[in-house]
Amino acid sequence: MYIPSHYKNTDLGEVKEFLKQNSFGILVNQTEGRPWATHIPLELEIDVDGNDLLVGHISKANPQWKYFKGKEEVLAIFNGPHSYISSSWYKEEEVPTWNYIAVHVYGTIELIDEKAVLESLHKLVNKYEKVATNPVSLDNLSQETMSQISGIVGFKIRIKEIQAAYKLSQTRTEDHPQIIAELNKSKNCGSKEIANMIRSNKCPH
């Protein structure tokens, strides 16, 4: 994606942590001769050789998986908080804009076997059930319920390139106090998150 230099985040450690915390992504490829996108969790993992991977699964009813052959290159898109930025918050006249976090991951995709799918599902469920009052474990589900796994297809994406845009008013540092104050007035959670990121200087310079 196009990223102006001011907004490019090259801190790979920070970006990987973002991917772990914002793992519900959009998987894009060419399917049946047109762009196709599926909204799914894509978990960042490391294989035995130390290579970064995204691991996920989709329904067998979704024709997208039939085009995961020959290690096709795909795109995974991850979005973070975003917010409208009014130029009325600036000291000098300027057009309004939008602040946001977005990460694009490119890699080659291949299908994984049933054992690997099951392992990935255990990791996925265990990760997100931690916050539940009565957490679910796949180990405790009936064979009938677990038979639903036959209706999904698992895959892994070997990451080739990560592009990260952190647009957080880096070019308007003199206006940060007012921007933060105005964003915090919003009832929108994304606006408050953007305000916190600007305040904590997590944006690259």
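Please treat every number below as a calculation from the coordinates, not as lab data. Given the structure is predicted, the values throughout are model-derived calculations rather than measurements. Reconstructed Cβ throughout: ideal geometry from the backbone, glycine too, with neighbour counts over all protein chains shown.
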key: Scope the stretch 165-193; condition more than 21 Å from Leu19 (Cβ to Cβ), among the hydrophobic types (A, V, I, L, M, F, W, C) and within 24 Å of the chain's Cα centre (by Cα); matching residues   = Leu183
query = Being of a type outside the set (Ser, Thr, Tyr), over 18 Å from Lys91 (Cα atoms) and exposed (fewer than 12 other Cβ atoms within 10 Å of the Cβ), is that true of even one residue in the stretch 161-183?
reply = yes
query = Which is free of Cβ contacts under 8 Å to residues at least 40 places away in the same chain, surrounded by 14 or more Cβ atoms within 10 Å (Cβ to Cβ) and over 30 Å from Ser87 (Cβ atoms), of Asn126, Asn134, Asn140?
reply = Asn126
inquiry  = Filter the stretch 82-111 down to the residues that are farther than 20 Å from Arg172 by Cβ and crowded, with 19+ Cβ neighbours inside 10 Å and list them by number.
reply    = Val103, Val105, Gly107, Ile109
task = Considering only the stretch 44-81, state which residues are crowded, with 18+ Cβ neighbours inside 10 Å and of a type in the set (Asp, Glu).
result = Asp52
message = For the list (1) surrounded by 17 or more Cβ atoms within 10 Å (Cβ to Cβ); (2) more than 25 Å from Glu43 (Cβ to Cβ); (3) of a type in the set (Val, Ile, Thr), I need the number of the one condition that Val153 fails.
response = (2)
request  = Pick out, from the stretch 36-145, the strands (runs of 3 or more DSSP E) lying fully within it that include 3 or more residues that are of a type in the set (Ser, Thr, Tyr) and within 21 Å of the chain's Cα centre (by Cα).
outcome  = 97-111
